[in-house]
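Inspection log for the structure reproduced underneath, given as structure tokens.
The values are calculated or read from the model by the stated rules, or taken from the named source; none is laboratory data. On a predicted model such as this, the values are computed, not experimentally measured, just so you know. Cβ atoms come from the backbone with ideal geometry, glycine included; neighbour counts cover every protein chain shown.
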Amino acid sequence: MKRIKFLGAAGMVTGSCYWLENQDNRGLLIDLGMFQGIEEQKTFNNQTLAFSVKELEAMILTHAHLDHCGRMPLLVAAGFAGSIYMTEATRWLVELSLLDAAKVAKENDERRQTHEALFSEEEVEKLLLLFRVVHYDRPFQVGSFEVTMRDAGHILGSASVEIVDKRGVGGPKKIVFSGDLGNTPQDLIKPTEPVTEADLVVMESTYGDRTHSDEDPMTVIAEEINAVEANGGTLLIPAFSLERTQEILHRIDHLKKSKKIKDETVVFLDSPMAIKATMIFKHFAELYNTELADHAKLDDPFDFPSLVLVEKGSESAKIKEIDRAKVIIAGSGMMSGGRIMHHAVDFLPLKTTRLLQVGFQAMGTLGRQIQDGQKKVKVFDHEVEIKAQIRNVTSMSAHADQPKLMNWLSKIKGVTRVFLTHGEDLPRLVLSEKIKNDLGIAEVVMPSMNQAVDL
């Protein structure tokens, strides 16, 4: 392999995209994610692709989160007609994610009278024709590259990617892209699968500077629901549609079965995308961990008394009229859009409201502003004064923390160079020093946006 270009998620958490080039100047693209959060970073979405699709051999997708797949339809507009490889679960989830993103962008343009949508539903439909399903642990050939997907344990279908240049002359032969590594053991899916050897590693560093709290998520959720049961208020849970929502539903199911929360406490799943994602989740029982697999043999692990699925926007708008204890699970998880924004306007000014943050909040998002303690925030055209009780729990994160990142990397033999991506600069710097000191890997690189590195 000749060089690697870092075309996203360099010094930031979103926009994952890497170009791996062989000696014949043919490229393999790993992810093509959307930039989210800070407006300055989001402007990257509108830039012309930083490579020629004529030189693109194929693309590998690690998983279905928008910060990894959200710019893929741009390949169609650029004339790419090659193959895009992913696991089967990712294939179904990414279709859902991209069609939803296109729909939301179209609606936003119509409402604002703008033309900011990156792609259309028609372009997503064309993109789907390029998808090729591959399986974990089964190598496949892409030009001079042999590629193997390993279970990353992050969300359903997520993968780390091992790539060997079979025709490379001199230099490194094998590179591993971690993708997003899971916070193993996860509530729903199997553990992160280890990688045993590599010359080069491109590793995420989202939580490279910290250790997740040891709070029991089940206890946290029970405490928050009990609090609104006591005061008749509302618990808002902004949640990603993929994985996090299903985890919350599964945990609430257990809490209701064990009578730790009331059967009559209504839980609104106010997200059409999350409802569809849950249906997809049910089709991939072979990817469940042991506990969930055993549970699914007895009953539906994502259903329970007083669960209300909210499909229509008109139904969502009426939730505020319900004057009783309730839980609202809605997207987006970082409060950067979706129905949670309307609920924020309605409920955050109330002292009886509680907000439970259960995932990473990127810089520039409403979720990050609230997490950082701001008492007044702007939502749409409203200035919202926050009187709600705010709680953040990191133990429900789907990302590995520093100890788990270090454990994953420590099991890979032969590593000569590590590239830290998918992290803000402070977490990358802290993790870089930790790797050098504890693992003795001298060359740890923190690449910048669009940097090319000869291998």
(request) Restricting attention to the range 296-324, report how many residues are surrounded by fewer than 19 Cβ atoms within 10 Å (Cβ to Cβ) and hydroxyl-bearing (Ser, Thr, Tyr). (result) 2
(request) Return only the number of the condition from (1) in a loop (DSSP other than H, G, I, E, B); (2) buried (at least 23 other Cβ atoms within 10 Å of the Cβ) that Val327 does not satisfy. (result) (1)
(message) Among the residues that make up the range 88-109, is at least one of them assigned by TED's automatic domain parsing to the domain that holds Trp408, among the polar types (S, T, N, Q), in contact with a strand residue (DSSP E or B) (Cβ under 9 Å, 6 or more places away or on another chain) and more than 24 Å from Met1 (Cα to Cα)?
(response) yes
(request) Considering every residue within the range 69-86, establish whether at least one is in a helix (DSSP H, G or I) and surrounded by fewer than 17 Cβ atoms within 10 Å (Cβ to Cβ). (result) yes
(message) Cβ-Cβ distance below 6 Å, separation of 6 or more or different chains: which pairs start in the range 52-68 with a residue that is touching a residue at least 40 places away in the same chain (Cβ under 8 Å) and assigned by TED's automatic domain parsing to the domain that holds Ser83 and end on one that is acidic (Asp, Glu) and buried (at least 24 other Cβ atoms within 10 Å of the Cβ)?
(response) Thr62/Asp31; His68/Asp31
(request) Considering (1) buried (at least 18 other Cβ atoms within 10 Å of the Cβ); (2) in contact (Cβ under 8 Å) with a residue 40 or more places away in the chain; (3) over 30 Å from Arg91 (Cβ atoms), say which one Phe268 fails and leave the rest. (result) (3)
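Please verify whether Gly15 is at positive phi and part of a loop (DSSP other than H, G, I, E, B), treating the condition exactly as stated.
Yes.
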(request) Pick out the one residue from Ile261, Ile328, Ile322, Ile340 that is in contact with a Lys or Arg (Cβ under 9 Å, 6 or more places away or on another chain) and not assigned by TED's automatic domain parsing to the domain that holds Asp67. (result) Ile328
(request) Could you check Gly143 against (1) in contact with a Lys or Arg (Cβ under 9 Å, 6 or more places away or on another chain); (2) farther than 23 Å from Glu21 by Cβ; (3) at pLDDT below 95 and say which number it fails? (result) (2)
(message) Suppose the filter is part of a loop (DSSP other than H, G, I, E, B) and in contact with a helix residue (DSSP H, G or I) (Cβ under 8 Å, 6 or more places away or on another chain); does His254 pass it?
(response) no
(request) Taking Val202 as meeting all but one of (1) crowded, with 21+ Cβ neighbours inside 10 Å; (2) hydrophobic (A, V, I, L, M, F, W, C); (3) outside the structural domain of Pro447 (by TED's automatic domain parsing); (4) outside any loop (DSSP other than H, G, I, E, B), write down the number of the exception. (result) (3)
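Being on the phi < 0 side of the Ramachandran plot, part of a loop (DSSP other than H, G, I, E, B) and among the small types (Gly, Ala, Ser): is that true of Ala344 here?
The answer is no for Ala344.
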(request) Among the residues of the range 104-132, write down those that are modelled with pLDDT of 85 or more, within 23 Å of Ser271 (Cα to Cα) and touching a Ser or Thr at 6+ places or on another chain (Cβ under 8 Å). (result) Lys106
(request) Residues that are touching a residue at least 24 places away in the same chain (Cβ under 8 Å), within 19 Å of Gly33 (Cα to Cα) and within 22 Å of the chain's Cα centre (by Cα): find the strands (runs of 3 or more DSSP E) completely inside the range 107-166 holding 1 or more of those. (result) 131-133, 145-151, 159-165
(message) Quick check on this structure: which one of Lys297, Lys276, Lys320, Lys262 is in a loop (DSSP other than H, G, I, E, B) and at pLDDT 95 or above?
(response) Lys262
